[in-house]
Amino acid sequence: MKIQFHLRYSTQFGQNLFVVVNTLQGDVRQTTEYPLTYLNTEMWQGIVDTGTTTPAALDYHYEFRDATGKGKIEWGQRRLDLTTSGAEIFQVFDYWNPPGSIENVFDTQLFRVFEKERAASAKKRPGAFTHLFRVKAPLLKSDEVLCLLGHGRTLRAWDSAAPLLLQREDDDWALRLDLSQEDFPLAYKYGVWNTRTNRFLGFEEGNNRTLYSLPQAGLAILHDGFARLPVGAWKGAGVAIPVFSLRSKKSWGAGEFSDIRLLVDWAKSVGLKLIQLLPINDTTATHTWVDSYPYSAISAFALHPVYLNVEQLAGKKHAAVLKPFLKRQKALNALNAVDYEGVTKVKWEIIRPLYDLMKAEWMQDEAYHAYYEANKHWLVAYAAFCWLRDKNGTADFSQWSSHRSFRAEEVEKLLSPTSKYFDAIAIHLFVQWHLHLQLKDATDYAHANGVAVKGDIPIGIYRYSCDAWVSPELYNMDMQAGAPPDDFAVNGQNWGFPTYNWDRMKADGFSWWKQRFHQMSLYFDAFRIDHILGFFRIWSIPMDAVEGILGHFVPAIPVTEQELEKAGVGFDYDRFCKPYITEQIVHDLFGANANWVGEHCLLPRKDERFDLKPAFATQRLVEQFFEKQPATEQNISLRDGLYRLIANVIMVAPNAAEKAESGFHFRFGIEKTASYQYLPEAVKGPLMALYVNYFYRRQDDFWREEAMEKLPALKRATNMLICGEDLGMVPHCVPDVMKELGILSLEIQRMPKATGITFFHPKDAPYLSVVTPSTHDMSTLRGWWEEDRDLSQRFFNEILGYEGKAPWFCEPWLNRAILWQHFQSPAMWSIFQLQDLLGIDGKLRRENPQEERINVPANPKNYWQYRVHIALEDLLTAEEFNGDVRKMVTESGRG
């Protein structure tokens, strides 16, 4: 069997195209690359001979490469059925499918949720045919089908009263025709036909499509890409809320997966199409409230036991187990905020006896065994990790008495049914199985009601996680990930996560990421990539630093000594890379405590400067010293002042993974340091020019290449809709890369990406974006309004267009006006925190907006315990509020 591929694609000299074919012979999957040949300025072609063993079907895609070998891959996989037509020669005509095409967004898993079931049309048994037309049209309504018209009698001579109707086949629309009696070339076009009214609604946009000739032999298959129908008019709205923040009348003090059903009911009732959640993975490292941080998971795959509905788990059969705990349930559920330790403790006290009662039946469950086989690549190690964590009293596997290094064969022995540790480990399998069932039930319910669910993928992993224990080679365990300083965290952020070893991940085809995406796709239709900038470069902080301010971007092109010499700055390691400490600086920082600092922390030098004593030489040592002291206001001030002193540098030396001779990296914000201010004026100018070049110019192409090494491969691994959290210090290359790959951006009114402006206006959002007035990492609208009077006054006059003095508080009508700007935005999605939606109702909203904030990024020990103050059951009956939300959704065209 022979397949001749024809690809419409314009190239330049030195560029090449390939078709990559995947076949399955028995259990063996084979991938073969075939070069295409240049035919003319618009067409490439190539022949593939399948040989004597023809597969039933094959998948394929096209790849482009330039003269240097760099290239790109089109989006998606096409499938050829090689058996049903009876043909031995196939002529395949394709268009290149750019990953950034807007139409591809509508072909993702998310938009399957909105497809209403259409009446099945009677499938006609095809007779002899010469051409198979296949085309995509993902946004058709349930009473609409694609149709085809064109020149010639077979194509109905453009008669729109009697067009040829295509049939739905998998994700495409298809039509088989015998064009052997027609005269070529033939022009044709797709259109839309309403099956309810039997009316032609119109043709696709653009020029006619053309068939130039009848194939001399075999079957012609035309993959016509997408029907050119208007797509930019589709807009949706959603609500964002962490699962733990949900409140229902039956929960146990924190939201559970089962509460998602009630949230779906409410979202559907007001016309919202999407629910956005924070990460839901298990974060149990210390069994304390510190584990409330949802971005610090001990497993990138395991679900958090706190979300388990123990009442559903027990069922009627074992309901008696719950009775001794009902008073605690009532007390926990009455709290204004989540008592993380109280909730997790009571749930485990219930889970343990339920495991004993349900173990025998669970072990015989065939559905569980299928789940186990599909997930054992992470599930077995996770269960053993949890047991070893509790046995040793720490998640830090380097401190364990045994099994410090993961060995699969040893873990399998621990989990053997004959092992004396079996039950202590298997209980974690039992919990994960039931968490899976409850989350799947909730998301299936959402899908059945036309509501999509969006998840969240953290950029990092917890340092002492199961993932790090199993595959430490995938991470740079000697570094910490974070973010550079900004208005929300003036000393930067240190998340404590190890950074990724991208070279090692690329070597195995990003298998860990692909497994992670697959796991998410079991429940979610879209996901937010937390800190997508980390795929371009990550803010990497040495282990001896506490604050993010002492980090630098990795990878990055460093500044060399030669550059500094050439610029007239010169290079002095001692002056640029060590803390610059003088008596005046110490006095300015510490005031009345300057003498204590001088006596206990500093060593005098001959040049009237000081060095730090070894016991205070790093921020980590300072932290350890003050952890042993009383937490008085004076001690906290001394500690923070020493942090500032240690950070009073101009450059950061390379870390252990980088070559010392390669150069140096600027500390962020050098102009604010005393070290810079004490430099000669003749040095400041050229040094600042190098600084600006380092951060804002020289890295851009380099960082683009870094992102394109990772993101295209990762995007191809899933059909979920991908949204990037592209906030902070955004390189110029980021918007172009995200647009090229069809990744939605995040736009926030108070965090403009353009320089020189204070506010971003939602009307200026790109179509492929999500607009929101606030996120979990910032204050809600009402809280923000009260933070800076001058800023809210400017916003009132400049963005909202009102004259006069702004209200002191964000009153309901004002809250609504801000939301309305977002509803009216041209962005594909407007997503709102539930707190911001409640802000439009003076009766329903919380009295104190400061209690609605979920996270403070500048505080690494933030307690994530926000809970909605109103039960979902009561929210469903709040007719006035729901009517107001529904009206905004409908009138903005997002319903």
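Would you confirm whether any residue within segment 549-556 is closer than 30 Å to Trp495 by Cβ and open to solvent by 30 Å² or more (accessible area, probe 1.4 Å)? So that I can check it myself, show each step before the final result.
Keep residues of segment 549-556 that are closer than 30 Å to Trp495 by Cβ, which gives 549-556.
Still in the running and open to solvent by 30 Å² or more (accessible area, probe 1.4 Å): 554-555.
Within segment 549-556 (the criterion being closer than 30 Å to Trp495 by Cβ and open to solvent by 30 Å² or more (accessible area, probe 1.4 Å)), the answer is yes, since at least one residue qualifies.
Filter segment 70-98 for residues that are of a type in the set (Val, Ile, Thr) and at pLDDT 90 or above; which is surrounded by the fewest Cβ atoms within 10 Å (Cβ to Cβ)? Give the derivation first.
Of all residues in segment 70-98, those of a type in the set (Val, Ile, Thr) come to 73, 83-84, 89, 92.
Imposing the further condition that a residue be at pLDDT 90 or above reduces the set to 73, 92.
Numbers: Ile73: 18, Val92: 21.
If we take residues in segment 70-98 being of a type in the set (Val, Ile, Thr) and at pLDDT 90 or above, then Ile73 is surrounded by the fewest Cβ atoms within 10 Å (Cβ to Cβ).
Within segment 146-163, being open to solvent by 50 Å² or more (accessible area, probe 1.4 Å) and in contact with a helix residue (DSSP H, G or I) (Cβ under 8 Å, 6 or more places away or on another chain) holds for one residue alone: His151. Count of segment 520-547 residues, restricted to those that are in contact with a helix residue (DSSP H, G or I) (Cβ under 9 Å, 6 or more places away or on another chain) and open to solvent by less than 20 Å² (accessible area, probe 1.4 Å), is 14. Output yes when any residue across segment 689-701 is open to solvent by less than 60 Å² (accessible area, probe 1.4 Å), under 16 Å from Trp513 (Cα atoms) and either among the basic types (Lys, Arg) or touching a residue at least 12 places away in the same chain (Cβ under 8 Å) (or both), and no when none is. No - not one qualifying residue is present in segment 689-701.
Residue-wise test of (1) in contact with a strand residue (DSSP E or B) (Cβ under 7 Å, 6 or more places away or on another chain); (2) of a type in the set (A, V, I, L, M).
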{"site": "His151", "(1), (2)": "yes, no"}
{"site": "Thr154", "(1), (2)": "yes, no"}
{"site": "Ala174", "(1), (2)": "yes, yes"}
{"site": "Thr197", "(1), (2)": "no, no"}
{"site": "Leu201", "(1), (2)": "yes, yes"}
{"site": "Asn208", "(1), (2)": "yes, no"}
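A residue that is at pLDDT 95 or above, open to solvent by less than 10 Å² (accessible area, probe 1.4 Å) and assigned to a helix (DSSP H, G or I) occurs somewhere in segment 495-514.
Among the residues of segment 138-193, which ones are in contact with a Leu (Cβ under 7 Å, 6 or more places away or on another chain), aliphatic (A, V, I, L, M) and assigned to a strand (DSSP E or B)? Of everything in segment 138-193, those that are in contact with a Leu (Cβ under 7 Å, 6 or more places away or on another chain), aliphatic (A, V, I, L, M) and assigned to a strand (DSSP E or B) turn out to be Val145, Leu146, Leu148, Leu149, Leu164, Ala174, Leu175, Leu186, Val192. The set of residues in segment 194-216 being among the polar types (S, T, N, Q), part of a loop (DSSP other than H, G, I, E, B) and over 38 Å from the mean Cα position of the chain (by Cα) consists of Thr195, Thr197, Asn198, Asn208, Ser213, Gln216.
Could you list, in sequence order, the residues of segment 332-371 that are over 31 Å from the mean Cα position of the chain (by Cα), closer than 24 Å to His869 by Cβ and without any contact (Cβ under 8 Å) to a residue 60 or more places away in the chain? If the condition is that a residue be over 31 Å from the mean Cα position of the chain (by Cα), closer than 24 Å to His869 by Cβ and without any contact (Cβ under 8 Å) to a residue 60 or more places away in the chain, then Ala334 is the only one that fits.
When segment 715-752 is filtered for residues that are of a type in the set (Val, Ile, Thr) and either assigned to a helix (DSSP H, G or I) or under 15 Å from the mean Cα position of the chain (by Cα) (or both), the ones remaining, listed by number, are Thr718, Ile722, Val734, Val737, Ile743.
Of the residues Gln438, Gln399, only one is under 26 Å from the mean Cα position of the chain (by Cα) and of a type outside the set (D, E, K, R); which? I'd like the intermediate steps shown before the answer.
Numbers: Gln399 fails: under 26 Å from the mean Cα position of the chain (by Cα).
Exactly one of Gln438, Gln399 is under 26 Å from the mean Cα position of the chain (by Cα) and of a type outside the set (D, E, K, R), namely Gln438.
Which ranges mark the helices (runs of 4 or more DSSP H) fully within segment 251-340 that have 1 or more residues being surrounded by fewer than 22 Cβ atoms within 10 Å (Cβ to Cβ) and of a type in the set (Lys, Arg)?
Values: elements: 259-270, 310-314, 326-333.
Fully inside segment 251-340 and qualifying: 259-270, 326-333.
Tallying residues that are out of contact with any Pro (no Cβ under 9 Å at 6 or more places or on another chain) and closer than 19 Å to Ser521 by Cα within segment 276-306 yields 5. Just a yes or no: is a residue in segment 361-377 assigned to a loop (DSSP other than H, G, I, E, B) and either open to solvent by 70 Å² or more (accessible area, probe 1.4 Å) or hydrophobic (A, V, I, L, M, F, W, C) (or both)? Checked against the condition, which is being assigned to a loop (DSSP other than H, G, I, E, B) and either open to solvent by 70 Å² or more (accessible area, probe 1.4 Å) or hydrophobic (A, V, I, L, M, F, W, C) (or both), segment 361-377 yields at least one hit.
So that you can scan it fast, the table gives a plain yes or no per residue for (1) touching a residue at least 40 places away in the same chain (Cβ under 8 Å); (2) open to solvent by 30 Å² or more (accessible area, probe 1.4 Å):
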position: Val734; (1), (2): yes, no
position: Met751; (1), (2): no, yes
position: Asp764; (1), (2): no, yes
position: Arg782; (1), (2): yes, no
position: Glu786; (1), (2): yes, yes
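Within segment 398-451, the residues that satisfy the criterion of being under 24 Å from Asp365 (Cβ atoms), among the hydroxyl-bearing types (Ser, Thr, Tyr), open to solvent by less than 60 Å² (accessible area, probe 1.4 Å) and free of Cβ contacts under 8 Å to residues at least 40 places away in the same chain are Ser416, Ser419.
Residue under question is Ile757, and the condition is that it be open to solvent by 10 Å² or more (accessible area, probe 1.4 Å), modelled with pLDDT under 95 and not aromatic (Phe, Trp, Tyr); does it hold? Yes. The residues of segment 814-836 that are out of contact with any Phe, Trp or Tyr (no Cβ under 6 Å at 6 or more places or on another chain) and under 17 Å from Ala267 (Cβ atoms), listed by number, are Leu819, His822, Phe823, Trp829, Ile831, Phe832, Gln833, Leu834, Gln835, Asp836.
Tell me, please, whether a residue that is touching a residue at least 40 places away in the same chain (Cβ under 8 Å), among the aromatic types (Phe, Trp, Tyr) and open to solvent by 50 Å² or more (accessible area, probe 1.4 Å) can be found in segment 211-218.
So in segment 211-218, the residues touching a residue at least 40 places away in the same chain (Cβ under 8 Å) come out as 211, 214-215, 217-218.
Restricting the remaining residues to those that are among the aromatic types (Phe, Trp, Tyr) gives none.
Within segment 211-218 (the criterion being touching a residue at least 40 places away in the same chain (Cβ under 8 Å), among the aromatic types (Phe, Trp, Tyr) and open to solvent by 50 Å² or more (accessible area, probe 1.4 Å)), the answer is no, since none of the residues qualifies.
Residues in segment 860-895 that are over 24 Å from the mean Cα position of the chain (by Cα) and among the polar types (S, T, N, Q) were compared, and the one that is farthest from Ala267 (Cα to Cα) is Ser892. Every residue in segment 10-21 that is touching a residue at least 24 places away in the same chain (Cβ under 8 Å), within 17 Å of Glu42 (Cβ to Cβ) and surrounded by fewer than 17 Cβ atoms within 10 Å (Cβ to Cβ), please. Residues satisfying the conditions are Ser10, Thr11, Gln15.
Screening Tyr676 with (1) surrounded by fewer than 20 Cβ atoms within 10 Å (Cβ to Cβ); (2) free of Cβ contacts under 8 Å to residues at least 40 places away in the same chain; (3) in a helix (DSSP H, G or I) gives one miss only, at (1). Of the residues that make up segment 67-90, is at least one over 20 Å from Pro215 (Cβ atoms) and in contact with a Gly (Cβ under 6 Å, 6 or more places away or on another chain)? Yes: one or more hits.
The values are calculated or read from the model by the stated rules, or taken from the named source; none is laboratory data. Model, not experiment: these values are computed from the prediction. Glycine also receives a Cβ, built like all others from the backbone with ideal geometry; neighbour counts cover every protein chain displayed. Please note that ligands, DNA and RNA were not included when accessible areas were found on the heavy atoms of the full protein model with its side chains. Shrake-Rupley method; radii C 1.70, N 1.55, O 1.52, S 1.80 Å.
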